Amino acid sequence: MNEREKILDKYSAKVFKNRKDHVVQFDNAGMPKEIAANSRSIPGLMSNRGCCYAGCKGVVLGPLRDVVVLTHGPIGCGFYSWGTRRNKAKSEDGKSYIQYCFSTDMQEADIVFGGEKKLRQAIEEAMELFNPSCIMICSTCPVGLIGDDINAVATWAEEKFNIKCVAYSCEGYKGVSQSAGHHIANNGLMKSIIGTGDAPLTKKYSVNILGEYNIGGDGWETERLLEKIGYEVVSIFTGDGSYEAIKNAHTANLNLVQCHRSINYIAEMMKTKYGIDWFKVNFIGIDETIRSLREIAAYFNDPTLIANTEKVIAEELEEVAEAREYYKEKLHGKTAAVFVGGSRSHHYQMLLADFGMKTIIAGYEFAHRDDYEGLEVRPNVKVDADSRNIEELTITPDDKYYHLSIDKERFDALKLTTELEYYKGMFKDMGDGTIAIDDFNHYETEKLLELFHPNIFYSGIKDKYMIQKSGTPSRQMHSYDYSGPYAGFKGAIKFASDTYMSLFTPAWQYITPPWRMQPTLEGKVGGA
Ligand code: CFN
Ligand code: HCA
């Protein structure tokens, strides 16, 4: 039995039938072609997933600093999605509400008799206290069940206060994970906010950063690098982002997509509506940051910009050179497990590789198949934008740029030359013997620890302490354990230093992991 089979072995026939397609192991025969993803979790399996509301309000809308993001529902959802997030924001212009958690705090009577009155009251209160230019209403499960008309309340608020008020029906039960919420948030921003501003650009080359939520200050570090090179960052979606900036997002020359899961919808919609090109970048990892910066410069193809990019890369590399070598020596050869919600589980593999660490197990909570299997065609030529069928793709060398996520089979069928190939999904970077799991659960986490003994397990708050109690250091990749930034050159060093501390803290001398005391080999005696 290989490790995959050992993990699945304990499941009942029914659960086995479902889970077997979510667990893949890589062997010499090459990359597995498929994994089941983005489907409903089995009740009772203690999945690490969150809900639609968490994806919409908690992740995408919550970080907007000058917006009162109002949760319509009982207090728990509003508090959880605010108190546990680590998206940082400045408050220089006095319009930052990030430090407040806004909720209608629905009670039983509101559920029975309807909560619209309370929602209107909450908006009136928010206007009186903060006078924001924009309010976003996010629904939790009971609101959808009792049928409060949040859109009607939003229209009332716009008329009464002459503000922008957008309602999001992102009840937690919608879809199968946070992913549905990302989509709902993206649609609302696209429909009601993007394109409503007319601020002029100030620099020749301008970009939006999509899918950068400024966890631990990552967005600030990325913005610093781009501005140092000479770009104008028109808006960031949505870390330390603002309604005022996002209104003008349609004026930017190019969209850079950092989170490859939560926001590519907006990039695609902006391409269709405003003709703005986009591509995926990754500012997590030194080599990846360099690659991303070079690609952006190559897109604009201006010799001055290209020279500035190389100058900034050289300067930043020089600053981190000594620390980079130091941590590489300490961390080289260590093995890691990386389990986060979406794109980070792949992004951090590249950062680990910068320091000679190897990812032996990885997975996502709610990614889609292309996040695992995706191979991206990024020719410097254009593929017919309307065609999603690879057989019908037409590559027209006069057009500037296009990209498309496709699976391996169709990619091979295209027979592209190497310069045109661009791989982006997680599978591409997984080595022989390693394992990938979709929508991992508590039991599988325990089993992975027992079978693989990774040196460190990067994950989230739900499993961190269980993992540590079992003798394996764990760091939270959602909140960075209140550290960061981890993006860019300096961020990579911060990450390496935090990893080094976790691995080498003397605290580990005081704990004996279970496998040192219990036999881990199981077998049957005789023919019984
Ligand atoms: S900040 Fe992002 S990077 S947005 Fe997404 S897919 Fe979550 S909240 Mo947690 S840390 Fe995580 Fe990604 Fe994109 Fe964060 S890996 S699970 S919904 N995520
Ligand atoms: C969410 C938010 C979360 C949870 C983090 C965790 C985040 O999906 O609800 O489980 O540690 O990053 O805050 O992903």
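The values are calculated or read from the model by the stated rules, or taken from the named source; none is laboratory data. Every value quoted in this text rests on a predicted model; they were computed, and no experiment measured them. So basically every Cβ, Gly included, is an ideal-geometry build from the backbone, and we count neighbours across all protein chains shown.
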Helices (runs of 4 or more DSSP H) within segment 144-250 that include 2 or more residues in contact (Cβ under 8 Å) with a residue 60 or more places away in the chain: 178-192, 218-229, 243-246
Lone unmet requirement of (1) in a helix (DSSP H, G or I); (2) touching a strand residue (DSSP E or B) at 6+ places or on another chain (Cβ under 6 Å); (3) under 27 Å from residue 180 (Cα atoms) for residue 272: (2)
Set 383, 338: member being crowded, with 19+ Cβ neighbours inside 10 Å, out of contact with any Asp or Glu (no Cβ under 7 Å at 6 or more places or on another chain) and modelled with pLDDT of 95 or more: 338
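Limited to segment 325-346, what total is found for residues that are part of a strand (DSSP E or B) and not hydroxyl-bearing (Ser, Thr, Tyr)?
Within segment 325-346, the subset part of a strand (DSSP E or B) is 335-340.
Among the residues that remain, those that are also not hydroxyl-bearing (Ser, Thr, Tyr) are: 336-340.
Final tally of qualifying residues: 5.
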First in segment 29-53 and closer than 24 Å to residue 429 by Cα, second anywhere and away from ligand 1 (no atom under 16 Å from the Cβ) and part of a loop (DSSP other than H, G, I, E, B), Cβ under 8 Å, 6 or more apart: 31/430; 32/26; 33/407; 34/407
Test: residue in segment 81-88 that is buried (at least 21 other Cβ atoms within 10 Å of the Cβ) and within 16 Å of ligand 2 (Cβ to nearest atom): yes
Conditions (1) within 13 Å of ligand 2 (Cβ to nearest atom); (2) surrounded by 20 or more Cβ atoms within 10 Å (Cβ to Cβ); (3) part of a loop (DSSP other than H, G, I, E, B): number failed by residue 485: (1)
Segment 202-217 - residue that is away from ligand 2 (no atom under 16 Å from the Cβ) and over 10 Å from residue 233 (Cβ atoms) and, of those, surrounded by the most Cβ atoms within 10 Å (Cβ to Cβ): 210
From 41, 81, residue being at pLDDT 95 or above, within 16 Å of ligand 1 (Cβ to nearest atom), more than 16 Å from the chain's Cα centre (by Cα) and not in a strand (DSSP E or B): 41
Of residues in segment 462-482 being within 14 Å of ligand 2 (Cβ to nearest atom) and part of a loop (DSSP other than H, G, I, E, B), the one surrounded by the most Cβ atoms within 10 Å (Cβ to Cβ): 477
Any hit, segment 13-33, residues being touching a Phe, Trp or Tyr at 6+ places or on another chain (Cβ under 7 Å), of a type in the set (A, V, I, L, M, F, W, C) and more than 15 Å from ligand 2 (Cβ to nearest atom): yes
Residue check, residue 174 of a type outside the set (Val, Ile, Thr) and within 16 Å of ligand 1 (Cβ to nearest atom): yes
